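Any read-out appearing in this document is the output of simple, stated calculations on the displayed coordinates, not a laboratory observation. The structure displayed is predicted, hence computed values, not measured ones. With ideal geometry, Cβ positions are generated from the backbone for all residues, glycine too; neighbour counts draw on all protein chains shown.
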Amino acid sequence: MKYQFIRDHRSEFTMTKMCQILQISMSGFYQWRNRIPSARSRQNDRLKQCIFKLFSEHNGMAGSPMITADLHDDPDFCNVSENRVARLMRKMGLKCKTLKKWVVTTDSKHNEPVAPNLLNRKFDVKIPNTVWVSDITYLKVGRHWYYLTVFIDLFSRSIVGWDLSRSLERHSVIRALKKAIM
């Protein structure tokens, strides 16, 4: 780690000063720099390239178990362990994107009065703008969820008001209703 720091900052600081501050000898640095990488470190370098390629192919959704399983199809890495893959992924800063637990947003167990069913499933309307229905649905856009509130005229089946919001609050419904009324 100290040797890598010296190698990376040679243009900014003198070798003598860095070796003094880091308490290492210059000969130790040159010995490290000229050392031939071991077979294990060369294999780790090749393995890191394969791990990064597989991680990218899975769009960051693959963890060490899945990447290890994919590596076992390669004859060069058929004996690599999951722990080794996990350790190299940590060193490379690769973290699998985790799926969040599904959250139920509907509260059916409440003591509030249920609204009366005025339409009674009679959706045939003869006059425009006499019956509106509304619905809220959620959409995933990129990494975020949005809630779409719509008001529909049952006569023309057209949208008379809508609102898109990042939160499921009453303000979105009120804004959509105001757009419908205007």
Item checked: Relative intensity, log₁₀ I(q)/I(0), of the range 100-182 from a Debye sum that treats every alpha carbon as a point, q = 0.20 Å⁻¹ -> -1.06
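Which translational diffusion coefficient, to the nearest whole µm²/s, is obtained for the range 80-137 from the Stokes-Einstein equation, given a Kirkwood hydrodynamic radius over C-alpha pairs, 10 °C and 1.306 mPa s?
Working: Rh = 18.1 Å.
Estimated diffusion coefficient is 88 µm²/s.
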Notebook entry, point to check: From the backbone phi of the range 153-162, what are the Karplus-calculated ³J(HN,Hα) couplings (6.51 cos²θ - 1.76 cosθ + 1.60, θ = phi - 60°) in whole Hz, Gly and Pro given as x?
Noted result: 7, 5, 5, 9, 6, 10, 7, 9, x, 8
Checklist line | Helix-only [θ]222 nm of the chain, DSSP H runs n ≥ 4, -39500 (n - 2.57) each, per residue, nearest 500 | finding: -12000 deg cm²/dmol
Margin query: Once you place label points 7 Å from the Cα toward the Cβ at LEU164 and SER38, how far apart are they in nm?
Written below: 5.6
Notebook entry, point to check: Karplus couplings for the range 28-34 from phi (6.51 cos²θ - 1.76 cosθ + 1.60, θ = phi - 60°), rounded to Hz, Gly and Pro as x?
Noted result: x, 5, 5, 5, 5, 5, 8
Notebook entry, point to check: Of ASN44, MET26, CYS96, whose Cα points farthest to the positive end of the dipole of the range 1-101 (charges on the beta-carbon: +1 Lys, Arg; -1 Asp, Glu; origin at the Cα centre)?
Noted result: MET26
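What is the diffusion coefficient of the chain in µm²/s, taking the Kirkwood radius over Cα pairs and the Stokes-Einstein relation at 10 °C with a viscosity of 1.306 mPa s?
After rounding, the answer is 68 µm²/s.
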Item checked: Entries in LYS140/LYS178; LYS2/LYS95; LYS101/LYS179; LYS140/LYS179 that, when Cα-Cα distance is taken, lie over 30 Å -> LYS101/LYS179
Check: How much FRET efficiency would the formula 1/(1 + (r/R0)^6) give for HIS171 and THR137, where r is the Cβ-Cβ distance and R0 is 22 Å, rounded to 0.05?
Finding: 0.80
Checklist line | the range 19-72 versus the range 155-182: alpha-carbon centroid distance in Å | finding: 54
Margin query: Exposed loop sites here are trypsin sites (Lys or Arg not before Pro) in DSSP loop states with at most 15 other C-beta atoms within 10 Å. What is the longest stretch of the chain lacking them?
Written below: 36-94
Next item on the list: Taking the convex hull of the Cα atoms, report for the range 41-99 its projected area averaged over all directions, in nm².
Entry: 3.6
Checklist line | Neighbour cut-off at most 10 other Cβ (10 Å), DSSP loop, GluC sites (Glu not before Pro), the range 1-90 | finding: GLU12
